[in-house]
Structure formats: C-alpha cells, structure tokens
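What follows is a short report on a single structure.
The values are calculated or read from the model by the stated rules, or taken from the named source; none is laboratory data. Treat the numbers as computed from the prediction; the structure is a model and nothing was measured. Note that each Cβ is placed from the backbone with ideal geometry, even for glycine, and that neighbours are counted across all protein chains shown.
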Amino acid sequence: MANGKPAVSGEARVRLEQELATLRDRRAELAAEARALDRVGDRADDADALRLEDDIAALDARMTQLTRVLAGARAGAGGVPDGTTVTVRFADGTVQPFRVVAVTEEIPAGQEDSTVTTDSPLGLALAGHQAGDTISYPAPAGEVRAEILSLELPS
C-alpha cells in the first residue's frame, strides 16, 4: 500500500486474491504429497519428488509475484494512479480516452486498445504531467506526441 490506497483495485484485485488462495491450497496439497513420498522412500518415487519440488517452486514464484502486486505501491513516484482516466489528443488530431491500470490482469476483454499500463511507454510518459501538458513517448513507428486534455483520478 502507498498513500493508504491499494496497488490493484476492483475486479482485478478480487481475481488476483482468488488466484493466490487457489495457489496456496494447491501448494499445501503438493507439500502433503511430498511428505508422503518421503515416508515411502522408494527410488521410483525420486522422480515424483523432483517433479513435486519443481511444481512447488513454480507455485512459490507465482505466489510471490501476486503478493508483491497486491501489496505494491499504487503508483510510482510521480506516476499516474491505477484507475485514472486520461484523454489525449494526438498530433493527427485524434482524441482518445485511456484507462490507466497497474497490471495487465485489470484490462477487460475488448478494451485492450483503450487501456494502458502504468509501466507502458504512454503510462510512463504521463507521470508527473497534468491536463494541458504535451508528452512524447517511443513507439514502434517512432516518437509519438500527444496533448493531455484531461486526467480524471479514481475516487
């Protein structure tokens, strides 16, 4: 938490918390299987024990990742908070609203083109800026320039 606000909000937080709970349950099951194999001591079980250790390590890595995301800062220093809606005008005159999210899991299906992550080039370019500012960021086709028309912080 930073500033008393969660790193991930809404449905994404619920999904990540559910995934974390499921992973913890699965890890407990695998640990019980590993303990049972230790008691048997059969050489044929060595391969199973190694597989279980690998599976547990993978679960631990994902649980660590989820825990960090759920406990992380809402926005980096000067960054745009998760859930902010920003409207920009590109150099060609196109006006586009975007929703800023902290993690890709928060991007609703079908809204990929109108959502940016805080660590994307556009998300990073928004950091420390306000309505009326002109920003630029790298893109595959070259440097993109845009004017920030509005920033609506989440409530």
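Has the stretch 72-87 got at least one residue that is at pLDDT 80 or above, surrounded by fewer than 18 Cβ atoms within 10 Å (Cβ to Cβ) and either assigned by TED's automatic domain parsing to the domain that holds THR22 or not small (Gly, Ala, Ser) (or both)?
Scanning the stretch 72-87 turns up at least one residue that is at pLDDT 80 or above, surrounded by fewer than 18 Cβ atoms within 10 Å (Cβ to Cβ) and either assigned by TED's automatic domain parsing to the domain that holds THR22 or not small (Gly, Ala, Ser) (or both).
If I filter the stretch 127-142 down to residues being at pLDDT 90 or above and of a type in the set (A, V, I, L, M), which single residue comes out as surrounded by the most Cβ atoms within 10 Å (Cβ to Cβ)?
Residue satisfying both the conditions and the ranking: ILE135.
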